[in-house]
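Written out below as structure tokens is the structure these notes cover.
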Amino acid sequence: MTRLPEGELHSGRRGVDTHEEMMVQSRPVQHVVVVGAGMVGLSCAWHLLKRGADVTVLERSTVGAGASWGNAGYLTPAFVVPLPEPALLREGLRGVFDPAAPLALDWRPSTQKAMFAAGFLRNATLRRWRRGLASLTPLNAVSLDAFDELARDGVAVKTRVCDINVGFRAGESAAGLIKELEEARRAGAVVDWRETEPRRPMSSAIETALVLNGQRYVDPGATLDALANAIRAGGAVLTEGASVRSLAFGPKGLRVDTWAGQPVLADAVVLATGAWLPELAKPLGVRPTIQAGRGYSCTVPLDEPLPAPLYLPGVRVALTPYRHGARLAGTMEITDGNSAFRSERLEAIQHAVRPLIDGADWDNVSDPWVGPRPLTPDGLPVIGATKMPGVYVAGGHGMWGLTLGPVTGRLLAEQIMTGRAAREAIPFDPQRRSWITRSPQFSDRRGISQPVPSPCPPEEGRSDVRATVHL
Ligand SMILES: Cc1cc2nc3c(=O)[nH]c(=O)nc-3n(C[C@H](O)[C@H](O)[C@H](O)COP(=O)(O)OP(=O)(O)OC[C@H]3O[C@@H](n4cnc5c(N)ncnc54)[C@H](O)[C@@H]3O)c2cc1C
């Protein structure tokens, strides 16, 4: 494998490498193990296969067991912005005392949560939010094309082009969301919206509505199945029930140890374990803390089909057409990724939505689900090399790992197979310090250091962009 040029990224541990490490670095990449079969891991596996690698996917439970199965299914690059906002943290603190709050902070003390909260607070300024947005914009711009690429390659992923409706109650204002969309446009995104009359299934409690054109949605479960089937048909081995416990160098390359079964040998490894990423990645120099922000969903039958996705910002719930009704998804519970399912959270979602939509059969709610969004303190994913030669991470996409999964797979596969990180991937360096104030830098192809371009003028101060869409 070709190593990254010195200084282009944090390419690895400095100092004397062992013989086995040097073997890994000099070996061409043939066999890659991907750990985790969520949207991000499966997307990486697909792109590695496409670039000619032999791929093994190890999943400790089943395909989509983490956050990727029961989510809202929105593919809405227009909404993909960094999460950190001071207003959100304040809302989270209120949620300590109110189990029905859409944002909730688990009150039990933990170093992980304290580090996340400190990093989040530090990043919650308008200047940093804009810088994060500038980093995400190139990814957002090609995120839907990356879905089309899957379809062109014969993966049976069906995206549906749609408008997204946003409904506001009396006293709620669209101004925050419009400001956020204007910021996205200033950063280079193509975003179109207009005000409209509320329409079914919005109830009379919804007074104003916005419609966002040209977005898409998918059935997340069907999407994962399609990817898993395509990967298997492409020759990859996908093993469920294989929980990875450690990585080591061996005489024949990297050795991936699982709790049961034989170790698997590899030339490169991708850790795509969602909210559980720190378990394996933290000792490998991945600096941003990854914190679970758990969300809940369920399905409610409707008397008429939901024509398009509907977002209700006042209660922070997303509705998506699903089977004979709508999937309802919401809540951000900052807690341990393995905590018990809390039915009161799902009840709170239903209670909040009940007066806002008509025609729902609340006696026949099904598919209760919880999944952990992998959140980072700066609201940016981690995509790239760790300090352990040959080991990469892909994750931390927070609320948008479904939308950004395929483009992430494309970028990381390119880096692994060519040894060069694409320019757009540089802000997502897993070894970045997510709390550093100075501009993120990258080296251009000639090795000259450049700041990450920002289309917005520098401006300090607390963010007043308070409308971040929570999915
Ligand atoms: C309620 C809700 C709504 C959402 N709505 C949207 C949306 O509309 N659009 C959007 O783009 N995003 C949405 N998201 C976010 C999206 O679901 C996540 O960002 C995305 O699923 C993360 O994917 P992932 O592959 O990184 O992680 P995951 O899907 O969590 O996958 C990680 C996998 O790794 C496995 N694993 C963990 N540890 C190990 C180990 N040691 N060995 C082997 N396997 C391991 C896990 O079992 C899991 O299957 C939503 C999230 C929630 C909770």
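The values are calculated or read from the model by the stated rules, or taken from the named source; none is laboratory data. Small disclaimer: the values here were computed from a predicted structure and weren't measured. Cβ placement follows ideal geometry from the backbone for every residue including glycine, while neighbour counts extend to all protein chains displayed.
The table below lists the values:
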{"read-out": "Residue satisfying all of: in the stretch 58-94; small (Gly, Ala, Ser), modelled with pLDDT of 95 or more and out of contact with any Leu (no Cβ under 9 Å at 6 or more places or on another chain); nearest to the ligand (Cβ to nearest atom) among these", "value": "66"}
{"read-out": "Matching option when the condition is within 18 Å of residue 360 (Cβ to Cβ) and charged (D, E, K, R), among 245, 323", "value": "323"}
{"read-out": "Residue match in the stretch 37-56 (condition: among the small types (Gly, Ala, Ser), within 25 Å of residue 322 (Cβ to Cβ), part of a loop (DSSP other than H, G, I, E, B) and modelled with pLDDT of 65 or more)", "value": "yes"}
{"read-out": "Residue within the stretch 320-332 that is farther than 23 Å from residue 35 by Cβ, modelled with pLDDT under 95, under 20 Å from the mean Cα position of the chain (by Cα) and not acidic (Asp, Glu) present", "value": "yes"}
{"read-out": "Those residues of the stretch 213-254 which are at pLDDT below 95 and hydrophobic (A, V, I, L, M, F, W, C), in sequence order", "value": "249"}
{"read-out": "Hits in the stretch 388-426 (condition: more than 13 Å from the ligand (Cβ to nearest atom) and touching a Cys at 6+ places or on another chain (Cβ under 7 Å))", "value": "413"}
{"read-out": "The lone exception for residue 253 - which of (1) on the phi < 0 side of the Ramachandran plot; (2) in contact with an Asp or Glu (Cβ under 8 Å, 6 or more places away or on another chain) it fails", "value": "(1)"}
{"read-out": "Residue in the stretch 242-273 that is nearest to the ligand (Cβ to nearest atom), counting only those that are in a loop (DSSP other than H, G, I, E, B) and within 25 Å of residue 414 (Cα to Cα)", "value": "273"}
{"read-out": "Which numbered condition residue 190 misses (of (1) of a type in the set (Val, Ile, Thr); (2) crowded, with 18+ Cβ neighbours inside 10 Å; (3) at pLDDT below 95)", "value": "(2)"}
{"read-out": "Leading residue by the ranking (farthest from residue 215 (Cα to Cα)) among those in the stretch 386-428 that are out of contact with any strand residue (DSSP E or B) (no Cβ under 8 Å at 6 or more places or on another chain) and of a type in the set (Lys, Arg)", "value": "387"}
{"read-out": "Test: residue in the stretch 427-436 that is under 19 Å from the mean Cα position of the chain (by Cα), of a type in the set (Phe, Trp, Tyr) and more than 12 Å from the ligand (Cβ to nearest atom)", "value": "yes"}
{"read-out": "Complete set of residues in the stretch 201-225 that are within 30 Å of residue 42 (Cβ to Cβ) and touching a helix residue (DSSP H, G or I) at 6+ places or on another chain (Cβ under 8 Å)", "value": "212, 215, 216, 218, 220, 223, 224"}
{"read-out": "Selection from the stretch 179-217 of residues that are aliphatic (A, V, I, L, M), farther than 17 Å from residue 317 by Cα and touching a Gly at 6+ places or on another chain (Cβ under 9 Å)", "value": "190, 191"}
{"read-out": "Residues of the stretch 336-353 that turn out to be away from the ligand (no atom under 12 Å from the Cβ), surrounded by 14 or more Cβ atoms within 10 Å (Cβ to Cβ) and of a type outside the set (Asp, Glu), as a count", "value": "6"}
{"read-out": "Unique residue being of a type in the set (A, V, I, L, M, F, W, C) and within 14 Å of residue 309 (Cβ to Cβ) when the list is 177, 224, 144, 212", "value": "212"}
{"read-out": "Within the stretch 292-317, tally of residues that are among the basic types (Lys, Arg) and out of contact with any Asp or Glu (no Cβ under 8 Å at 6 or more places or on another chain)", "value": "1"}
{"read-out": "Positions within the stretch 209-233 being out of contact with any strand residue (DSSP E or B) (no Cβ under 8 Å at 6 or more places or on another chain) and touching a residue at least 40 places away in the same chain (Cβ under 8 Å), in sequence order", "value": "220, 221, 222, 223, 224, 225, 226, 227, 229, 230"}
{"read-out": "Condition check for residue 135: within 23 Å of residue 287 (Cβ to Cβ), modelled with pLDDT of 95 or more and not hydrophobic (A, V, I, L, M, F, W, C)", "value": "yes"}
{"read-out": "Criterion: among the polar types (S, T, N, Q) and under 24 Å from residue 428 (Cβ atoms) - qualifying residue of 143, 173", "value": "143"}
{"read-out": "Any hit, the stretch 214-230, residues being within 11 Å of the ligand (Cβ to nearest atom), in a strand (DSSP E or B) and under 28 Å from residue 54 (Cβ atoms)", "value": "no"}
{"read-out": "Selection within the stretch 57-86 - closer than 20 Å to residue 403 by Cα and assigned to a helix (DSSP H, G or I)", "value": "77, 78, 79"}
{"read-out": "Matching option when the condition is modelled with pLDDT under 95 and acidic (Asp, Glu), among 195, 149", "value": "195"}
{"read-out": "Filtered residue count, the stretch 276-287, keeping only those that are closer than 16 Å to residue 377 by Cβ and under 14 Å from the mean Cα position of the chain (by Cα)", "value": "1"}
{"read-out": "Any chance residue 207 is more than 22 Å from the chain's Cα centre (by Cα), at pLDDT 95 or above and of a type outside the set (A, V, I, L, M, F, W, C)", "value": "yes"}
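Conditions tested, residue by residue: (1) in contact (Cβ under 8 Å) with a residue 12 or more places away in the chain; (2) within 19 Å of residue 68 (Cβ to Cβ); (3) surrounded by fewer than 24 Cβ atoms within 10 Å (Cβ to Cβ); (4) within 13 Å of the ligand (Cβ to nearest atom).
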| residue | (1), (2), (3), (4) |
| --- | --- |
| 287 | yes, no, yes, no |
| 291 | yes, yes, no, yes |
| 301 | yes, no, yes, no |
| 315 | yes, no, yes, no |
| 377 | yes, no, no, no |
| 386 | yes, no, no, no |
